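The values are calculated or read from the model by the stated rules, or taken from the named source; none is laboratory data. Quick caveat: nothing in here was measured; it's all calculated off a predicted structure. Please note: Cβ atoms are built from the backbone with ideal geometry, for glycine as well, and neighbour counts cover all protein chains shown.
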Amino acid sequence: MDTSQTYSLYMATDVACRILGVDPRVMLETAGLSTLLHGRTEARVTAQQYFDCWNTMEVLSPRPDYVPHLGVAISRGPVIPVFFTLSCAPDMETGLMRLARFKSLLGPTLMRVFRDDALLRVEFESVDARAPMPPSFGALHLVVAVENIRGAAAHLVSPVAAGFDGTEEDRRMVAGHLGVMPERSHVSYVAFSREDANRRFISENPSLWADIEADLKLQLAAQNDRWPITDRVRGALVDLMPAGRTGAEDVAIALGISRSTLQRRLRDDGTTYQAVLDVVRRDMAIRYLTKTTLRADEISGALAYRDANSFSRSFRRWTGQAPLAFREVSARPTTPTEETE
């Protein structure tokens, strides 16, 4: 196991801190990470440092129901591409298997999905045996998984069993949301019946999944310097945009190179940073407009625009149409006359 792997702090500094009302700068200082760029998503940390952040957030959180509140808010909050692995799937089992492939994009967590007799079991643990996953972090994964499954199935799916290494009070805190009392377990897990595992998802979207899968593969490749620089930049942007980061400096830090090196490599590849950013934003905008029901302001936020008007101006420059007009035209059935033109 490669324990030198590092992870983006996006889910901690840009999502969890905001939801809990915790100042990310205070969190990093308290966790002993004040040397990091405060609140910078592109700053990457080890598994132990990541878990130190989560433990610190739990201490600083003003909410006693820290885990269920955060889990539900994450599932219903910002557009996070990794979660499309689940929502685009035809059923729960397929979606969870897909999510397990890309789980490391969200943090230092190893996810296993397997059949256990008649049950579908999902386990979460640290990627680094030297850095145990905090019990509250394990509980959070259970809540997020169940909440996302319920949204995709449009059904009150409840696990038949669950567990994590928390106190009885901790376990009771999430029991009401899960619909089952978790047992005390050194492995964080949740198990579903065969009927629920095979339940069809109303959000199934195979065409969107094909695009999302390609993006997620690029995100994984972004840390591999053997890949072409343009692909690495695309992957880094997909990772950073939900947090509002689109600057060349942001991407350079995420890739572990200087800004001048980034610009030089792109120039050698026959392109520029702005050109790559425009292509990524254009492609993702078209995808979200034609293959999802996301509102224009939600798409604007997912692409790291300051506001919907800025997004609309860029989209008109790329396509000659306003975003919603483009969506309406794309959804219009093609007539036989138009097909032969």
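Numerical summary
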read-out	value
Matching residues, region 185-211, being assigned to a helix (DSSP H, G or I), over 28 Å from V67 (Cα atoms) and either in contact with an Asp or Glu (Cβ under 6 Å, 6 or more places away or on another chain) or not acidic (D, E) (or both)	P206, S207, L208, W209, A210
Failed item, numbered, when E123 is tested on (1) under 15 Å from M11 (Cβ atoms); (2) in a strand (DSSP E or B)	(1)
Pair list, Cβ < 9 Å and 6+ apart or interchain, from region 294-308 residues that are on the phi > 0 side of the Ramachandran plot to residues that are among the aliphatic types (A, V, I, L, M) and buried (at least 20 other Cβ atoms within 10 Å of the Cβ)	A304/L237; A304/L240; A304/M241; A304/A243
Residues of region 213-264 classified as free of Cβ contacts under 8 Å to residues at least 24 places away in the same chain and touching a Lys or Arg at 6+ places or on another chain (Cβ under 7 Å), total	4
When residues of region 210-258 are limited to those that are of a type in the set (A, V, I, L, M, F, W, C) and in contact with a Pro (Cβ under 8 Å, 6 or more places away or on another chain), the one nearest to P78 (Cα to Cα)	V238
Which numbered condition R150 misses (of (1) crowded, with 18+ Cβ neighbours inside 10 Å; (2) within 19 Å of V180 (Cα to Cα); (3) of a type outside the set (S, T, N, Q))	(1)
Residue check for D278: acidic (D, E), in a helix (DSSP H, G or I), under 27 Å from the mean Cα position of the chain (by Cα) and closer than 30 Å to R226 by Cβ	yes
Any chance E58 is farther than 30 Å from E204 by Cα, over 15 Å from the mean Cα position of the chain (by Cα), free of Cβ contacts under 8 Å to residues at least 12 places away in the same chain and not in a loop (DSSP other than H, G, I, E, B)	no
Residue within region 204-217 that is over 29 Å from V144 (Cα atoms), out of contact with any Cys (no Cβ under 9 Å at 6 or more places or on another chain) and either modelled with pLDDT under 95 or not hydroxyl-bearing (S, T, Y) (or both) present	no
Scope region 123-173; condition among the β-branched types (V, I, T), under 16 Å from R199 (Cα atoms) and out of contact with any Pro (no Cβ under 7 Å at 6 or more places or on another chain); matching residues	I149, V157, V160
Those residues of region 181-228 which are of a type in the set (D, E) and either loosely packed, with under 14 Cβ neighbours inside 10 Å or in contact with a His (Cβ under 9 Å, 6 or more places away or on another chain) (or both), in sequence order	E183, E195, D196, D225
From T261, T246, residue being assigned by TED's automatic domain parsing to the domain that holds S310, assigned to a helix (DSSP H, G or I) and not small (G, A, S)	T261
